[in-house]
Structure formats: structure tokens, C-alpha cells
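The values are calculated or read from the model by the stated rules, or taken from the named source; none is laboratory data. Source: prediction; values computed, not measured. When we count neighbours, we look across all protein chains shown, and the Cβ atoms used for this are built from the backbone with ideal geometry, even at glycine. The accessibility values were calculated without ligands, DNA or RNA, using every heavy atom of the protein model including side chains. Shrake-Rupley method; radii C 1.70, N 1.55, O 1.52, S 1.80 Å.
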Amino acid sequence: MDRLAPLYASHIAELSQRSDTIIRRQNLQGLVIHSGQAHRIFLDDMDYPFKVNPHFKHWLPVTDNPHCWLVIRPEAKPKLLFYRPVDFWHKVPPVPSEFWTDGFDIELIETPAEAKAKLPANLDQYAYLGEHTDLAAEWGMTQCNPQPVLDYLHFHRSIKTDYELACMRVASEIAVCGHEAARDAFYGQKSEFEIQLAYLSATGQGENQVPYGNIIALNENSAILHYTKLETVTPESLRSFLIDAGASFHGYASDITRTYAFDKSSIFAEMIAVMDQHQREIIASIKPGMRYTDLHLNMHQRVASMLAQFNLASGSEEALIESGVTAAFFPHGLGHQIGLQVHDVAGFMQDEQGTHLAAPEQHRALRCTRVIEPGMVLTIEPGLYVIDSLLTQLSPQARTMLNQSAIDAMRPFGGIRIEDDVIVHENRIENMTRDLGLD
């Protein structure tokens, strides 16, 4: 981690500059950022897996410790109240000593309640950032998650520091190891559950450590966009495999998708290759100053051409798009911002005041309408699926464009999705996924 230390110092300097600006703009004394609290399962004595406040892990790579607090003041070293209980039931976190600790004045607390006395006395002049606003109000914090503060921080969070980019490259590297193991398990004729185990083993991350529930789908299950059931028995006939899975590093996420055909000489394998080429070309076309929406609309033109190429539908590109046919085969957005969260914040924000630009009416599932800037990290994930519930909702005129026999032939394969994580630089696009050798 020595290579992260100098990057981290610059990262903290950038976050401090951002927080100082919005603190002064809102006439605050500072920010109080809560790591969060565990949630108890209803009528049980166990908690749900803890998920840290992303505003907290933006400052430091502590992702598994509740009841911690950060106090951020202008031109002052951040103060960290680090929760370290006396507990023989659970493993107690060690006293912090990692590369990031020089950036904070650290005080240890043994109980959650102990934090109150160590926070500033005039908490009504601080903005609380966190989930537990009831606790914040009880402790005298009257300014909870003020929208101008969130808008400013979220908008600027879209531009990653060099430290953040380094963390995301590691998260991508870990995920690629998992993808390679999962691919080999598929060709080894393993079940969805066994493929999941292969992925987790290769990444060294458990189900609660990866940034989202892995999508491990065989055959027609690949057409279920968020499929997480995981069958334990391998299908009698293996046809296709779609994996959408990422990894975490220091609180940052990767998000990668690949689709494979069991028979590499099949028409479905050819469709995957064509989609792969379109995805690469979309990525190559990205430049600062473009609007992400335009990439998505370009992909619909490409989907229309694929429908015609593989005889799934007929008609001009314009007619297939306007009638909703391409949206029935490609119902989700082209991608999204990624970072501290898989679907990172501010995808619709046009400025630091939070001006909202919604997705086009025909493409409401699109998660990003931003103008692309250097320092952004984006996913590009086009798809093409046979989803009967969407096809049957098409107008009678649109359904006349469909070739039912070709659709019937594709249905057992489910669908195709290919997703890479890319960094936008001034003069180039860095494909973290492909650069690691995952084709």
C-alpha cells in the first residue's frame, strides 16, 4: 500500500478543498459524517450485513466499522472517532495504523454513546451527513443532510482523484480474476451455484463483500436482468452463460459483465462477437464534452442493426427505434457512473446546484444524462435479450416487425450483455477491464 500513500494525501487535500467550499457557502461550522449503525433483523438477535455511509468511506478506507464519526472543519485536520469496543463475542478492529492514519486526529471510543461528548458542542451549526437522522436530532444536529451540501458533494464526487482511480483499478483486477474463474467453471459444466463459488473463491471476497449481488445466469435465465436465484443443478443442455459481477477495494467498486456461448460456433456466439464489437466502438467514440445520453441513443441504432442482421426484426433503424422494438430487446440504460457506489450518485445532475436532467421519455431506465468530463468513471454495458413480457407489450404495428421464428430460436439462450469500466482522460479512454486482458 506504499504506492497509495502519496495519492491519498492528495485525495484528502482535494476532499478538504471541496468541503471547505461548501461549508463556507452554507455558513456552517463544519460537517459531521457518521459511518452508520447496524440494522437488527426483525424479531431476531442478529444484524443485517453492515453497509457503510459512502460519504464516510470517501474520506478513508474503513468500510466495516459502525459507530465511527468524522468531524470536518475548514482548514483543520479531520477528526476521527474510531469505534473500538470491549467485546469478547466479536473480533474487535485493531487500532488504526495503515497508510491513511496520518490524515486524521484519531480518538478511540468504546461505546457508541461516548461519541456525543467528543463531538463539537455547537452541533446545530454543523451539517450531519448520514442515515441515522433520528440519532442526529437527538444529539442536537438540526441540519441533517442539507440538500445544497449533498448536491455540491455529489456533483464533484463524479470526478475521481488519482487515489480513487488507483483503488478502482485494483477492484477491476480482483473482479477479472473472478470472471476468468467463472468462465472456466461454465465451460467445465458447473451449476450457477458452483460458478458463484468459483468466482468468490478467485476474488477472495464473500457475498457481503462484493459490491452487489452477483448475476450468474445460465441459458434462458440470462434474460432476467437482475437474476440472483442460483440453481444448484447444471442444466441438461448448456447453451449460454451471463455473468455480471464486481469486486470491492477500499470501498470502491468494479462492475463487469460478460456473456459466453457453450457452442463457440453457434449463431449465438456470432451475436456475442457482434455485440462485443459494437461495445468496443461505443467506448472508442467517448470524448469529453459529449453527453452520455447520446452514447445510449447511438447504441439503440446499433441494436436496430443487430436485429436486422440476425433477422430478429425487420424495418428501418428509425422505425425499430421509434416503435419501441429496440427498447423491448434492450430495455436498460447503456451504463452509469461508478465509484463508491455501483450506481454512483449525480448521474442526472448538470451542475453543483443539483439541476436535474431526466432520461429521455423513451429511455427512462437510463441512469446517466451527464456531460462527460475527464476524471469520470463510467460503465458501458449494451445488451440484447428475449424478454417476452416486453415483446408482447409492443403495439400491433410494432409486432409486425418481429420475426417470431428467429426470436424463438434465441429465447433458450436468454440474452447478451457486455460491460466494461472505463476512465475518461483528457485525450484517451482507459478501459480498466480490457487492459487486464478480459476479452
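Where does the charge balance sit around ASN208 when Lys and Arg score +1, Asp and Glu -1, over other residues with C-beta under 13 Å from its C-beta? Within the 13 Å Cβ shell, the charges total -2.
Relative to the current alpha-carbon distance between ASN311 and LYS229, full extension at 0.36 nm per residue lengthens the span by 26.4 nm.
Does segment 162-436 come out rounded, prolate or oblate, given a ≥ b ≥ c as the square roots of the eigenvalues of its C-alpha gyration tensor, rounded meaning a/c under 1.5 and, failing that, prolate meaning a/b above b/c?
Values: a/c = 1.85, a/b = 1.07, b/c = 1.74.
Cα axes put segment 162-436 in the oblate bin.
Full extension of the segment from ARG280 to LYS51, taken as 0.36 nm per residue of separation minus the current Cα-Cα distance, would add 79.1 nm.
Would you list SER35, SER285, SER201 from the most to the least accessible area, probe 1.4 Å? Walk me through the numbers before you get to the answer.
Numbers: SER35 0, SER285 40, SER201 95 Å².
Putting SER35, SER285, SER201 in descending order of accessible area: SER201, SER285, SER35.
Bridge orientation summary for segment 8-109: considering DSSP beta bridges with both residues in this region, about 60 percent are antiparallel. Checking every one of the GluC sites (Glu not before Pro) in segment 397-434 against DSSP loop status and a limit of 16 other Cβ atoms within 10 Å picks out GLU426. Across the chain, C-alpha contacts under 8 Å between residues 6 or more apart give a mean separation that, scaled by the residue count, equals a relative contact order of 15 percent. One Cα centroid belongs to segment 214-253, the other to segment 40-88; the line between them spans 31 Å. The accessible area of GLU318, taken with all protein chains in place and a 1.4 Å probe, comes to roughly 120 Å².
Taking Cα atoms only, the orientation of helix 292-309 departs from the longest principal axis of the chain by about 20 degrees. Counting only heavy atoms of the protein chains and using a 1.4 Å probe, MET275 has close to 0 Å² of accessible surface. Dipole orientation for segment 4-145: of the candidates PHE104, TYR48, ILE23, ILE23 has the Cα lying most toward the positive pole (charges on Cβ; Lys, Arg +1; Asp, Glu -1). Looking at the square roots a ≥ b ≥ c of the eigenvalues of the Cα gyration tensor of segment 331-379, which shape do they give, rounded for a/c under 1.5, prolate if a/b is larger than b/c, or oblate? Taking the square roots of the gyration eigenvalues as a ≥ b ≥ c, segment 331-379 is oblate.
What's the tally of Lys pairs in the chain whose alpha-carbon atoms lie under 25 angstrom apart, where the two lysines are 8 or more places apart or on different chains? Final tally of qualifying lysine pairs is 24. Largest accessible area first, the listed residues ASP44, ASP294, ASP255 line up as ASP294, ASP44, ASP255 when surface is computed with a 1.4 Å probe on the assembled protein chains. Helix 192-203 and the longest principal axis of the C-alpha atoms of the chain enclose an angle of approximately 50°. Were the residues from SER266 through TYR212 laid out at 0.36 nm apart, the gain over their Cα-Cα distance would be 16.3 nm. As a calculated quantity, the FRET efficiency between GLN397 and ALA121 at R0 = 56 Å, using C-beta atoms, amounts to about 0.20. Take the Cβ atoms of LYS91 and ALA113, set R0 to 25 Å, and the FRET efficiency comes out at 0.70.
Summing charges over all other residues whose Cβ lies under 15 Å from the Cβ of GLN29, with Lys and Arg as +1 and Asp and Glu as -1, gives +1. Summing Cβ point charges (Lys, Arg +1; Asp, Glu -1) relative to the Cα centre of the chain gives a dipole of roughly 440 debye.
Using a probe of 1.4 Å, the accessible surface attributed to HIS55 totals some 30 Å² when neighbouring protein chains are kept in position. Let me make sure I get this right: for segment 4-145, a, b and c are the square roots of the gyration tensor eigenvalues over alpha carbons, sorted descending. Under 1.5 in a/c it's rounded, otherwise prolate if a/b > b/c, else oblate. Which is it? Cα axes put segment 4-145 in the oblate bin. For the chain, the longest principal axis of the Cα atoms and the long axis of helix 4-25 meet at an angle of about 80 degrees.
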